[in-house]
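Comments concern the structure below.
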Amino acid sequence: MQLVVARIGRAHGIKGEVTVEVRTDEPELRLGPGAVLATDPPSAGPLTIETGRVHSGRLLLRFEGVTDRTAAEALRNTLLIAEVDPEELPEGEDEYYDHQLIDLDVVTEDGTEVGRIAEISHLPSQDLFIVERPDGSEVLIPFVEEIVTEIDLAEQRAVITPPPGLIDDRAEIASSRDEDA
């Protein structure tokens, strides 16, 4: 299985280094020296990482055969793609790759079907499951342990405990004015 692990940015310096926008939680595993990566567009690769370093909080890579600024700049906006075993699991206990979560059935703790995970949106504050409901509508489920209580890859399901109003329109509205009445 192929996963996009980075996007090449602008050239850095005159010796062929490029900035990289990392798109993996495991850059040390996927973007280390010697790693051979496919590319999109395919005509740019494959690329073999020669060196890598962090400079001012940004990852810089140099690829074999890319020795000057002009060659580095030609790689700008190229996606770097790693070949990953579909059975491979992330290092953390409660971590998952997106491809493991897509198409999981989403159910409440009492077994009520909510839908299936169609997409995962990675936001700065948290990840969201974009769940396609049986009627074709979508609902957004925050991927936080207070709501997503269990991921069962063997049973291909995600169990949720949604707060009122998340998946239905029966939100409980609390107001201090109600107490005064």
>> What distance in nm separates the two pseudo spin-label positions at Thr48 and Thr108, each 7 Å out from Cα along the beta-carbon direction?
In response: 5.7 nm
>> For segment 19-122, take every pair of Cα atoms, bin their distances at 5 Å starting from 0, and report each bin as a whole percent.
In response: 2, 10, 17, 19, 15, 12, 8, 6, 4, 3, 1, 1, 0
> Which percent, nearest 5, of DSSP beta bridges in the chain are antiparallel?
Replying inline: 90 percent
> Could you give the alpha-carbon Rg of the chain over 2.2 N^0.38 Å, rounded to two decimals?
Replying inline: 1.37
> What's the longest bit of the chain with no exposed GluC sites (Glu not before Pro), using DSSP loop states and at most 12 other Cβ atoms within 10 Å as the test?
Replying inline: 1-86
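Any read-out appearing in this document is the output of simple, stated calculations on the displayed coordinates, not a laboratory observation. Keep in mind it's a predicted model, so treat the numbers as computed, not measured. Neighbour counts run over all protein chains shown; Cβ positions are idealised from the backbone, glycine included.
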